[in-house]
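Peer 1: I am attaching a structure below and will ask some questions about it afterwards.
The values are calculated or read from the model by the stated rules, or taken from the named source; none is laboratory data. The shown structure was predicted, so the numbers you read here are calculated from the model rather than taken from an experiment. Glycine also receives a Cβ, built like all others from the backbone with ideal geometry; neighbour counts cover every protein chain displayed. The accessibility values were calculated without ligands, DNA or RNA, using every heavy atom of the protein model including side chains. Shrake-Rupley method; radii C 1.70, N 1.55, O 1.52, S 1.80 Å.
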Amino acid sequence: MTQPLYRQLEVVEHTANWQQSLPVRCSSRLFLSDQSKTADAALSRYRDYLGHEFKHVIIDCRQQLHVDAIAALCGTVVAGGQLSLLVGEQRSVMLQRLINHWQPTPTALTASLPELPTAAQTAVLEQLTDTKTTHLLIADRGRGKSHIVGTAVKQLLAKADNQTSVLITAPRRANAKVLLNIADNATFVAWDKLLDSQPSDALLVIDEAAGIPLWATQKLCDKYTPWILATTVNGYEGCGRGFAVHFRDWVCKRYQRVKQHQLHQPIRWPEGDPLESWLSNALLLKPAPQTLPGPFENGVFHASELPEAHLHQAFELLLEAHYQSSPNDLALLLDDPNQWLLINYHGQQVIGVAWLALEGPLAEDLLDPVMHGKRRPKGNLLPQALGYFLQQRWAMAQQWCRVVRVAVAINCRRQRVGSQLLSQAKEWAQSRRCGFIGTSFGFESSLYAFWQQNNYQPLRISTAVDRVSARHPMLMGQRLCNQLETQWSELTAYGNAELQWLVADSSPIIADDSVMQDVLNGFISGRLSIASAQFSLSSQSVLPTNIKKLFRQSPLPLAELKQQLNVESRQQLTDVLRQQLG
């Protein structure tokens, strides 16, 4: 009897006996839940199972809808397998969208898996023998790219005259499981350890490159000889198409010999698999329609109210413009009433999108817990950051509009479309009675210049470096109301001074250092860490000159600071500084 090969989706209603419908625990079943004691792991651990294969994957959607987990684990379900979503009575817009987009395939239809290797796989494998060329292999899940890469590595290492060293890395070792099972004599090294190792002429192979921060992948390629860089780009590890665009452009500019390869035919499930089609349609991972049905009127819309084609074009623009986009972003836009899309059209296309979020004011009983670092309420990045890191209680009591992202179509860039979007965002924020508008991004000089040209002022720049972007996180903003002029002036004076101190390596003098004193008091009272108060500490006259000089360095040289103050631990260092300043 022919076994069914098409994969299926099941929506399981949470009832008293819902667990009776689940298969018994075994190696071919995976159950992720934040509530059930019988689960294999919490939803946040979904990445641990990438690179594995399962006949049945169950995801508990009752407490939270983790769309990134659904997107990633869908690719671990083998032919004839099933993805089950456990749902409760409350159904968000995104969850209902997932349910509505499912179109089951009639059981009478038969399907077959291709004979391996496919012609496309063979062609790619032949080209991968050229180790003098950097190969970019991009494919959706289930196309066999890891199998091909593993075969290429195995063949190279098996050559009798081979003197070449090959290093394998991936976001996690589990992500390279298929590759390493084939090339079982290959050397795997975690990517962060490779960054700390000495450069060499070893050939570098990266599997699932989109799961490694872009800056780190670039550094790895500079330290070693990049041979094969393979990745999935749709809905994987929070990157998406934006990663492919940024990284492909960088590789082509950096290296003379580059070849790009793609695999389209699935091998883990049949062509036309309903589960793959469902995921692509529900999460808007396929290409958007090139033209839109009218009407076309610029404005601010909630994603849940947009026509499907308009939402698709707008979300695709956000995906391509920002390499950290993920499927969870779509869920946030559809489900959160404080998330909005400002859309500009030209002809029958979306040419610009600004993602706007309304934040604050925080409830009165949250102000002290936030300032003490004990609470971090979701959806309030700007007021919370200013309230905690700069100890500005007043900022948490205001209504803010945050510009989350700005995306402009490639053929419309450098035509002031982005600035027009910001001007429209300001008008909309004022209509919603926001007292302030702001943004958060990784500092880069041209990006900073763009926001500055649009009258945004520095509020804070972190001395720490973001793990993904390798840039200093920065806050900028504008005052829209007529009140709080003094507080705003003090805040922007501090922000400008901190920026000059960190980026320009200058010693700015602040006429009114009230914010600096607030930060210092936050450190002395135990609310803030040394790193959070680094700028304020570098300006304190009571500290010895040699200590103040160390505070000017980024990253903070903790080992040298401990040596200078004759302490052994970070906590002892903190205690000594607080005692000297208190």
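Peer 1: Quick test for you: out of Leu390, Leu447, Leu422, Leu382, pick the one residue that is among the aliphatic types (A, V, I, L, M) and either in contact with an Asp or Glu (Cβ under 6 Å, 6 or more places away or on another chain) or not assigned by the TED database to the domain that holds His472 (or both). Please lay out each step first, then the result.
Peer 2: Values: Leu390 fails: either in contact with an Asp or Glu (Cβ under 6 Å, 6 or more places away or on another chain) or not assigned by the TED database to the domain that holds His472 (or both); Leu447 fails: either in contact with an Asp or Glu (Cβ under 6 Å, 6 or more places away or on another chain) or not assigned by the TED database to the domain that holds His472 (or both); Leu422 fails: either in contact with an Asp or Glu (Cβ under 6 Å, 6 or more places away or on another chain) or not assigned by the TED database to the domain that holds His472 (or both).
None of the others qualify; the one that does is Leu382.
Peer 1: Hand me the list of helices (runs of 4 or more DSSP H) wholly inside the range 413-512 holding 1 or more residues that are buried (at least 16 other Cβ atoms within 10 Å of the Cβ), among the small types (Gly, Ala, Ser) and under 24 Å from the mean Cα position of the chain (by Cα).
Peer 2: In the range 413-512, the matching helices (runs of 4 or more DSSP H) lie at 417-431.
Peer 1: Out of the range 534-559, which residues are open to solvent by 80 Å² or more (accessible area, probe 1.4 Å) and in a helix (DSSP H, G or I)?
Peer 2: Scanning the range 534-559 gives Thr545, Lys549.
Peer 1: If you go through the range 363-379 one residue at a time, do you hit one that is closer than 21 Å to Ser325 by Cα, open to solvent by 10 Å² or more (accessible area, probe 1.4 Å) and either at pLDDT 95 or above or over 24 Å from the mean Cα position of the chain (by Cα) (or both)? So that I can check it myself, show each step before the final result.
Peer 2: Going residue by residue through the range 363-379, those that are closer than 21 Å to Ser325 by Cα are 378-379.
If we keep only those that are open to solvent by 10 Å² or more (accessible area, probe 1.4 Å) as well, we get 378-379.
Checking the rest, the ones that are also either at pLDDT 95 or above or over 24 Å from the mean Cα position of the chain (by Cα) (or both) come to none.
No, the conditions are met nowhere in the range 363-379.
Peer 1: In the range 353-361, is there at least one residue being open to solvent by 30 Å² or more (accessible area, probe 1.4 Å), modelled with pLDDT of 95 or more and not β-branched (Val, Ile, Thr)? If you could, list the steps in order and put the result at the bottom.
Peer 2: Here is the first cut: in the range 353-361, the residues open to solvent by 30 Å² or more (accessible area, probe 1.4 Å) are 361.
Filter once more, so that each one left must be modelled with pLDDT of 95 or more: 361.
Cutting the leftovers down to not β-branched (Val, Ile, Thr) gives us 361.
Yes: the range 353-361 contains one or more residues that are open to solvent by 30 Å² or more (accessible area, probe 1.4 Å), modelled with pLDDT of 95 or more and not β-branched (Val, Ile, Thr).
Peer 1: Separate question: Can you tell me which residue among Lys37, Lys55 is charged (D, E, K, R) and touching a Ser or Thr at 6+ places or on another chain (Cβ under 6 Å)? So that I can check it myself, show each step before the final result.
Peer 2: Values: Lys37 fails: touching a Ser or Thr at 6+ places or on another chain (Cβ under 6 Å).
The match here is Lys55.
Peer 1: Just one of Leu317, Leu386 is among the aliphatic types (A, V, I, L, M) and modelled with pLDDT of 95 or more; which is it? I'd like the intermediate steps shown before the answer.
Peer 2: On the way: Leu317 fails: modelled with pLDDT of 95 or more.
Within the list Leu317, Leu386, the selection yields Leu386.
Peer 1: Moving on to the next point. If you go through the range 327-346, how many residues are open to solvent by 10 Å² or more (accessible area, probe 1.4 Å) and assigned to a strand (DSSP E or B)?
Peer 2: 4
Peer 1: May I ask you to list the residues in the range 390-427 that are among the aromatic types (Phe, Trp, Tyr) and either touching a strand residue (DSSP E or B) at 6+ places or on another chain (Cβ under 6 Å) or closer than 18 Å to Tyr448 by Cβ (or both)?
Peer 2: Just the residues of the range 390-427 that are among the aromatic types (Phe, Trp, Tyr), to begin with: 394, 400.
Across the range 390-427, the qualifying residue is only Trp400.
Peer 1: Given the structure, is Leu113 at negative phi, among the hydrophobic types (A, V, I, L, M, F, W, C), open to solvent by 50 Å² or more (accessible area, probe 1.4 Å) and outside the structural domain of Asp466 (by the TED database)? Let's see the steps before the verdict.
Peer 2: Numbers: at negative phi: yes; among the hydrophobic types (A, V, I, L, M, F, W, C): yes; open to solvent by 50 Å² or more (accessible area, probe 1.4 Å): yes; outside the structural domain of Asp466 (by the TED database): yes.
So Leu113 fits the description; yes.
Peer 1: Also, I was wondering about something else. Considering only residues that are exposed (fewer than 13 other Cβ atoms within 10 Å of the Cβ) and more than 13 Å from Ala531 (Cα to Cα), which ones fall in the range 565-574?
Peer 2: Residues satisfying the conditions are Asn566, Glu568, Ser569.
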